[in-house]
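Heads up, the thing below is written out as C-alpha cells.
Computed from the coordinates by the stated procedures, all read-outs in this text should not be read as laboratory data. As the structure is a computational prediction, the values presented were derived from the model and not from experiment. Heads up, the Cβs are rebuilt from the backbone with ideal geometry, glycines too, and the neighbour counts pull from every protein chain shown.
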Amino acid sequence: MYDFRVFVVQHRRPDRPGPALVVWGGRAPRSATRHRRREALLLLLHFEGEAIPSLQAQEAWADELAQVYFARSGPVTGALQALADRLDARLQRANRHLARRGQRVRASLAAWVWRDRSVYAAFAGPWHVYRPVVGSEVPLAQDPGPGLGEGTALVALARWSADEGPWVVSHGPLPAQVDWDAIARDPEQGLTQMLDAAASSEQPIVAAWIEATPGVGELTRTLIQRPWRVSARPSPTRPAEGAPPTSATAPSALPSSRTTTQPAASTSLRSAAPERAETVPSPDVAPSPGARTHAEATRAGSRTRPTAQPWRRWVARALLLPWPRVPTRWLFFLALAVPVMVVAAALAVYIHQGRLERRAYWAAQAQAALAQAQHAGDPLTQRDAWARALHALNLALSYGYDPDLARQRDAVRAALDRLDGTVRLPFQPVLVGSYGNRVRFEKLALGLQDLYVLEAKRQQIWRFQWTGGALAFEPDSEFRCRKEQLGTLTLDTFVGLAAFPPARFPFQTLAIDRAGHGLMCAPGELPQAHMLPEPRQGWGTIRLAKVADDRLYVLTRRVNPEHPEQPEDILYLLDLKRLTNTVPQVLFRQANPIDLANVVDFAVLRGEIYFLFVDTQVARCQLFTTEGPKCEALTYQDPRPGRQDGPVMTEARFRYIHASAIPEPSLYLFDPEQQAVYHFSLRLRFDRQYRPPEPLEAEFTHFAVGLDPSGASTLFLLSTNQVYAAPLP
C-alpha cells in the first residue's frame, strides 16, 4: 500500500475560482472485487466548457468513478478503460441536455493505479507527464485524445515502475524553461517559483506533483495558487497637495498553498476561501459631511428602537435565570429547548410506563392460559391453551425482557413441543460470506463434498466447496455454469437441478430449463447445453424435473390437441445414460391414473413416485409392475395425542417433498412458512417434525436431506441468500 502526496499547481483565474483539478485518492474498500484488493487509486479530473459542474458535483463524479473501478474484475487496463467509458457516457448524456442552450462540457482524466511495485496510468485529454528527477518529459505511446465527452473515449495507457517517481503531470505543456533541479529539491518552493515565472504566459498552468511512498493509503493534498497576468509594478500615486508624504506600501502577499491530509478513504480537493481585500481611503478624498461612525449610528438607532427588555425579563424569570446577564441568543435557545426537553421526558416516561402495563397485561393473559392448560383433559384443548400461553408470553417479552417470563416461555414451548412431536435442531449458516439481496437462491443439490445452488436472478449454478474443517462451504470462483447463448441454443428459466458423483457422468450438474434444454457443467470444464430428445408434440412448458437412479423425470404442461382450451399435464421418463438417442416415455397423462394439474412437487425412490398436491395430499405410484403403473392416495397416520388420521395435514402447508433411503426409508415434507420439516415413514406415518430453536430471519425456497462431507445425516434448508444445516438425530 502507498501514501500519496499531491501538489495541485495552478494560476488563479478570475473567471474560475477554486482548484482546477479535482483529486481523489485512496486504497481499495472492503467491497472491492478480488482483483482490486491490493491496489491503490489516484484520480485527477479537469473540466472545461461553458457549463462546468460545481465542485460538489465534480467530487461526486470522482467518487462514482472510484466505485466503478473497484467493482470491476479483470486486468487493470480493462478496469481503467471501463472507468473512462463511464465518465464519457455521463458527459455525453449531460451534453445532450446542454445542447439546447448551446453549451458543452468536456473533461480530462488522469488515473493512476499502484499495484505492488508497478504503476498503471490512463490519460484522456491533453496531458503531459514529466519526471523531475531526470528533468525530461515521459512520452506516451498512444494518443490521449482531446478529452472525454466528445463522442469517443480515447485513452492512452502506460505502465512504469513505482521507483521511477515522483511525477509531474500537466494539463497542457509546461514552459520550455523549467528549473527541475529546484523543483526536485523543494517541490513546494520550486513549483511556486515556476508559477511566478510563468505568470504572464499565454496559457495558465494547471499541473500536479504526484509522489507515492509505502504507507497505509493516506492522501496529503496541497493547493498552490499564484496570480496570472499580474502587472510588473503598480503605478505610483501622487500625494495630494499639502498632505504629508507617505511611504509606498508593499502589496499583501497572497497565500501560496493550502494543505490538507486525509486518511485512506478519499475526498476531493476543495477550493480555498476567497481573500478579502482591505480598502484604504485615499487622502485626496474628504469625508462626507453626512457620514457617521458605527458607534454613532448604533447610539442613534437605540434612541428610536423600542426596548426589548420586558420580554427578555419575562423569559429569564420563567426559566429562573439571572437578569440581565443572560445573552439574548441563549434566551432564544432555552425558550425553544426547554419545552422540547420537557415533552421528550414526559413522552419517555409515558412510553416506559405504557410498555410496563402492556407487559403486565400479556403476562396476565399467559397465566390464565397456563391455568386452563393445566386443568384441560382433552389433548387438543390443552394444546390450544399452551399455544395461547406461548403467544402471550412472546408478546409480553416484546415489551421488555424479564427472566421469569423467559423461563416460563421456555417451559411452555417445551410442553407444546412434546404435544406436537417437535425436535429443535441447531441450524447454522454454512456458506462463507454474505450475499444480501443481490442473489436469490431457489434450488439446492448435494454433491459428495460440495453444494450446488441455482441462483434465479442471473440464472446460474453456484458451486460451494467444503472448506475441510467445520461444516462450512466457500464459493468456487472458477466454476462457470450459467444461462447464456451456447452455440445455437438460448437457455430459458431453470426449473430443475441435480448433482452427480464425478465418475458417473462427464458432467457433475444437470440443470433443466422450461423449454427442454439441459445445461451440463463440471469443475474446470466449459458448460455444455443440449436439447433433450423431444416428444412428438414437443415439450410445451416444463414445470418440474427430478433425477433418480440415472433416470430423468420431467413433468410438463402443453396444449391438448383434442381440447386446446384445456392444457394437459404429462410425466415423461428419460434414460440419462442414453440421453442423446433415447425417446421420452410417457408415464402419466393428465388424469390417468392421477390428476397431475395440482401437483406442486414429487420425489422418486426405488421405482416409486410420491406426488405432493397443493392441498398437502400425497399419492404413491409404483411404476415398474407387470400390470403397469399403480397409484394410491396415502393417508396421514398421526399418533400424536388428540390427532386424527386423514388425507390432508391441516396444520401445515407443504410445498416440497423429499424421499430418502438414508438412514432409513423416509419421506420429508417441508413447510417453508413455518420453517418446519415433517418426517414420515413411506406409508405416511408421522414420526416427528424439525424446527429451529427460534424462527430464522430468512425466506426459505428449498430443502434437502443427505450426508455432509463427514458422513453424518444432515438436514439442509435453502433460503434466498444462505444455506442452513443441522445434523439429524
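Apply the Karplus parameterisation 6.51 cos²θ - 1.76 cosθ + 1.60, with θ equal to phi minus 60°, to every residue of segment 201-206 and state each ³J(HN,Hα) to the nearest whole Hz, in sequence, with x for glycine and proline.
Going residue by residue, I get 6, 5, 10, x, 8, 10 Hz, with x marking Gly and Pro.
How high is the FRET efficiency between Glu478 and Ala712 when r is their beta carbon distance and R₀ equals 41 Å, given to the nearest 0.05?
0.90
Would you list the P(r) distribution for segment 446-488, with all Cα-Cα distances sorted into 10 Å bins from 0 and each bin expressed as a whole %?
27, 47, 21, 5, 1
In vacuo Debye scattering of segment 96-188, one point per C-alpha: log10 I(q)/I(0) at q = 0.18 Å⁻¹?
-0.87
What is the ratio of the Cα radius of gyration of segment 555-637 to 2.2 N^0.38 Å, where N is its residue count, to two decimals?
Here the answer is 1.17, to two decimals.
Would you mind ranking Asp143, Asp196 so that the residue whose beta carbon has the fewest other beta carbons within 10 Å leads the list?
If I rank by nearby Cβ atoms, fewest first, I get Asp143, Asp196.
Describe numerically, in nm with one decimal, the distance between label points set 7 Å from Cα along Cα→Cβ at Lys577 and at Leu395.
The two pseudo-label positions are separated by 6.2 nm.
Restricting to Cα pairs below 8 Å that are 6+ residues apart, what does the relative contact order work out to for segment 477-600? Please round to a whole percent.
16
Whole-Hz ³J(HN,Hα) for each residue in segment 526-534, computed from phi via Karplus 6.51 cos²θ - 1.76 cosθ + 1.60 with θ = phi - 60°, x for glycine and proline: what do you get?
Result, ordered by residue: 6, x, 10, 10, 9, 7, 5, x, 8 Hz.
Treat segment 428-727 as a sphere of radius equal to its Kirkwood radius over Cα pairs and apply Stokes-Einstein at 4 °C in a medium of 1.567 mPa s; give the translational diffusion coefficient in µm²/s, rounded to a whole number.
64
What is the local net charge at Ala363, summed over the other residues whose Cβ is closer than 10 Å to its Cβ (Lys, Arg +1; Asp, Glu -1)?
Within the 10 Å Cβ shell, the charges total 0.
Taking Cα pairs under 8 Å and at least six residues apart, what relative contact order does segment 428-727 come out at, in percent?
Over segment 428-727, the number comes to 13 percent.
For Arg688 and Ala335, what does the FRET efficiency come to when R0 = 60 Å and r is the distance between their Cβ atoms, rounded to the nearest 0.05?
For R0 = 60 Å, the calculated efficiency reads 0.35.
Provide the per-residue ³J(HN,Hα) series for segment 50-55, in order, calculated from phi with Karplus coefficients 6.51, -1.76, 1.60 and θ = phi - 60°, each as a whole number of Hz, with x at glycine and proline positions.
7, 9, 6, x, 5, 4
How long are the three semi-axes of the equivalent ellipsoid of segment 330-420, in whole Å, if each is the root of 5 times an eigenvalue of the C-alpha gyration tensor, listed from largest down?
The three semi-axes for segment 330-420 are 43, 11, 8 Å.
If amide H atoms are built 1.01 Å from N in the plane of the peptide, which residues on other chains or at least 5 residues away come under 5 Å of the amide H of Lys443?
The list, which skips near neighbours in sequence, is Leu454.
Enumerate the residues in segment 433-456 having an amide nitrogen under 16 Å from the point lying 7 Å beyond the Cα of Gln67 toward its Cβ.
437-438, by backbone N distance to the label point.
Can you order the peptides 165-174, 400-409 by their average number of other Cβ atoms within 10 Å per residue, highest first?
165-174, 400-409
Could you state the principal axis extents of the C-alpha atoms in segment 537-580, from the largest down, to the nearest angstrom?
36, 18, 12
Could you pull out every residue, at least 5 positions away or on a different chain, whose amide H is within less than 5 Å of the one on Asp601? Hs are placed 1.01 Å off N in the peptide plane, and Pro or chain starts have none.
For Asp601, the qualifying residues are Leu612.
Name the long-range amide H neighbours of Leu587: under 5 Å, sequence gap of 5 or more, or other chain; modelled H, no Pro or chain starts.
Sorted by chain and number, the residues that satisfy this are Leu571, Tyr572, Leu573.
How high is the relative contact order of segment 79-125, in percent, counting Cα pairs under 8 Å that sit 6 or more residues apart?
About 32 percent, as a whole number.
At what distance in nm do the modelled label points of Asp179 and Tyr361 sit from each other, each positioned 7 Å from its Cα along Cα→Cβ?
8.4
Going Cα to Cα from Lys483, which lysines come in below 21 Å? Please leave out same-chain ones fewer than 8 positions away.
Correct list for Lys483: Lys443, Lys457, Lys546.
For an R0 of 30 angstrom, estimate the FRET efficiency from the Cβ-Cβ distance between Leu347 and Ala406 and round to the nearest 0.05.
Computed FRET efficiency for Leu347 and Ala406 comes out at 0.60.
For the residues Thr222, Thr381, what sequence is obtained by ranking on other C-beta atoms within 10 Å, fewest first?
In increasing order of surrounding Cβ atoms, one gets Thr381, Thr222.
Between Leu696 and Gln637, with labels modelled 7 Å along Cα→Cβ, what's the label distance in nm to one decimal, could you check?
Between Leu696 and Gln637, the label points sit 3.1 nm apart.
So, in Å, what gap is there between the alpha-carbon centers of segment 611-648 and segment 488-545?
Cα centroid to Cα centroid, the span is 30 Å.
Taking the Cα centre of segment 428-727 as origin, work out the dipole magnitude from +1 charges on Lys and Arg Cβ and -1 charges on Asp and Glu Cβ, in debye rounded to 20.
Computed charge dipole of segment 428-727: roughly 300 debye.
Which semi-axes, in whole Å and largest first, does the equivalent ellipsoid of segment 646-701 have when worked out from the alpha carbon gyration tensor as the square roots of 5 times its eigenvalues?
The answer is 20, 14, 10 Å, longest axis first.
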